[in-house]
1. Residues of the range 74-98 being open to solvent by 40 Å² or more (accessible area, probe 1.4 Å) and more than 19 Å from W56 (Cβ to Cβ), which ones?
2. Is there any pair linking a residue in the range 158-178 that is within 13 Å of S70 (Cα to Cα) and open to solvent by 70 Å² or more (accessible area, probe 1.4 Å) to one that is at pLDDT below 85 and in a loop (DSSP other than H, G, I, E, B), with Cβ under 8 Å and at least six apart or on different chains, and which?
3. So, in the range 99-112, exactly how many residues are out of contact with any His (no Cβ under 7 Å at 6 or more places or on another chain) and either of a type in the set (S, T, N, Q) or surrounded by fewer than 18 Cβ atoms within 10 Å (Cβ to Cβ) (or both)?
4. I'm trying to understand the selection: among the residues of the range 99-136, which are in a helix (DSSP H, G or I) and either touching a residue at least 60 places away in the same chain (Cβ under 8 Å) or within 23 Å of the chain's Cα centre (by Cα) (or both)?
5. Output the residues belonging to the range 33-63 that are among the hydroxyl-bearing types (S, T, Y) and exposed (fewer than 10 other Cβ atoms within 10 Å of the Cβ).
6. Would you check which residues across the range 114-145 are open to solvent by 100 Å² or more (accessible area, probe 1.4 Å) and among the aliphatic types (A, V, I, L, M) and list them?
7. Just checking, which of A30, A20 is more than 30 Å from the chain's Cα centre (by Cα), farther than 20 Å from V150 by Cα, surrounded by fewer than 10 Cβ atoms within 10 Å (Cβ to Cβ) and modelled with pLDDT of 80 or more?
8. Could we say that P148 is under 26 Å from V53 (Cβ atoms), part of a loop (DSSP other than H, G, I, E, B) and open to solvent by 40 Å² or more (accessible area, probe 1.4 Å) here?
Amino acid sequence: MKKSLQNILLSATAALVLAACNLGTGQNSAVEDTQIGLRNVELKDESNVKNPVITWKGDLPGSNEVYERSYENAPPLIPHSLEGLLPITIESNSCLTCHTPDTAKDMGTIPAPQSHYMYLSTGKKTVELNMERFNCVQCHVPQADAEPLVKNNFKADFRDGEGNRSSNLIDVLNQGIK
């Protein structure tokens, strides 16, 4: 009996809260599609969506400035053009042409890190790239000259002096596995 009274009171309270939320200020308090996000068009309207003009940075690999990471262990940005390298599939990954550890050493490129050669859930190391992580552009994106769409005052706090240029993710992962 006591439990059903509690359930009735809880349901009544929830109904009152929902009713109060719907009252608004006497005006239509619903949020319009055009007020959601940065598109400023109805969500169902794809014909009037205009992507911002973005100048992708990057010429041939190795010829561009490398941007600092946005935060500790952020995936580094791709400092070269992706023209002719996409799509990346499990059968065809052009990134690995230059970024496997052995090849990178010979070519002077940045090798895919050790964290890409292990199962993150178990810490088990793999000889080949962990195929759960084959799609490089899922995390890594090309560098661009683009103004932020909204004001942002975020400042990264790097624990290590090199954290803005390199990753200590494998160390962090290994600490969690021990």
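1. Matches in the range 74-98: T89, I90, E91, S92, L96, T97.
2. Filtered contacts from the range 158-178: no entries.
3. The initial filter retains those residues of the range 99-112 that are out of contact with any His (no Cβ under 7 Å at 6 or more places or on another chain), namely 99-108.
Pick out the ones that are also either of a type in the set (S, T, N, Q) or surrounded by fewer than 18 Cβ atoms within 10 Å (Cβ to Cβ) (or both) and you get 100-108.
Looking only at that region, the number is 9.
4. Step one: of the range 99-136, the residues in a helix (DSSP H, G or I) are 99, 101-107, 114-117, 131-133, 136.
H99, Q114, S115, H116, Y117, M131, E132, R133, C136, listed by residue number.
5. First pass over the range 33-63, keeping only residues among the hydroxyl-bearing types (S, T, Y): 34, 47, 55, 63.
S47, T55 - these are the residues of the range 33-63 that are among the hydroxyl-bearing types (S, T, Y) and exposed (fewer than 10 other Cβ atoms within 10 Å of the Cβ).
6. Within the range 114-145, the first condition is being open to solvent by 100 Å² or more (accessible area, probe 1.4 Å), and the residues that meet it are 114, 121, 124-125, 127-128, 132, 138.
The one that is open to solvent by 100 Å² or more (accessible area, probe 1.4 Å) and among the aliphatic types (A, V, I, L, M): V127.
7. Step by step, each of A30, A20 is checked, and only A30 is more than 30 Å from the chain's Cα centre (by Cα), farther than 20 Å from V150 by Cα, surrounded by fewer than 10 Cβ atoms within 10 Å (Cβ to Cβ) and modelled with pLDDT of 80 or more.
8. Numbers: under 26 Å from V53 (Cβ atoms): yes; part of a loop (DSSP other than H, G, I, E, B): yes; open to solvent by 40 Å² or more (accessible area, probe 1.4 Å): yes.
Yes: the conditions hold for P148.
The values are calculated or read from the model by the stated rules, or taken from the named source; none is laboratory data. These numbers come from a predicted model, not from an experiment. We place every Cβ from the backbone using ideal geometry, glycine too, and count neighbours over all the protein chains shown. Please note that ligands, DNA and RNA were not included when accessible areas were found on the heavy atoms of the full protein model with its side chains. Shrake-Rupley method; radii C 1.70, N 1.55, O 1.52, S 1.80 Å.
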